[in-house]
């Protein structure tokens, strides 16, 4: 049912378009053939041939070659596809119409190019132009959305900076009020101060070094561990090669917040959170898993800033360069995120 709904929503307009092209083509050329059946079959072959070339160009050649700046490869493969398709189409029509002239590559080459190759070239180019216009329009819309969300984020950031010096002075006062022997409390306050400083002063740019983001996550996890008992295991590991690149600030913290929010609270078995970060084939891999109770349902809209918001940020900031897999089972909740940072 879901596949059928997807097809109806996203693909039905393609069928309507090609049905319209077929009807118009048939209406304009059916008188050129001896029977309606031949006219129908020939038109079907030509429309199918054209649609296949347009889809290959729009969904394979343009994304894989043109958008990756492999211009010469795109031109060569595009022209080769036109030539091969024209030859195959002439062969099929020659057999259908019992026309030996179409079965041979010899003969009037100029007429063959004019009647087959050139129309193919311009029609497929027109289809590619439509694809490029649509992609450009979507890119412009995405840029407008990113600019708007960035402006909102900057406004919220400015609001969060209300009298930060007062906050730090207050924290320092509280720090010195804590007994020197109470190292846990002093350490927790120090970590909280470092986290606050990171949010207020070190997130002014679009991106931050991943090392700072890792340190922020570590401080947050250490603070959260203070609230857990011996029935809870929290492991945080990151490979030494997770360094030397930048990421969007506070992109990962909602996922970690979500794990602590929905972790199980069993008294007779271990509750756990496992976080791992490493590099794989030039991509940053973030893996997070937590135990949860079978009756707990993760609310995507209200966990941290919300998993839905994280997905939206990823779509805007790393379009086509990330993979996010979320698995929600009765006993565990896991997140696997891969970002291409090349």
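The values are calculated or read from the model by the stated rules, or taken from the named source; none is laboratory data. Computed from a predicted model, the values in this text were never measured in an experiment. Glycine also receives a Cβ, built like all others from the backbone with ideal geometry; neighbour counts cover every protein chain displayed.
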When the stretch 304-322 is examined, which residues are found to be free of Cβ contacts under 8 Å to residues at least 40 places away in the same chain, within 20 Å of residue 257 (Cα to Cα) and not in a helix (DSSP H, G or I)?
-> none
Counting just the residues of the stretch 278-303 that are in contact with a helix residue (DSSP H, G or I) (Cβ under 7 Å, 6 or more places away or on another chain) and surrounded by 18 or more Cβ atoms within 10 Å (Cβ to Cβ), which one comes out modelled with the lowest pLDDT?
-> 303
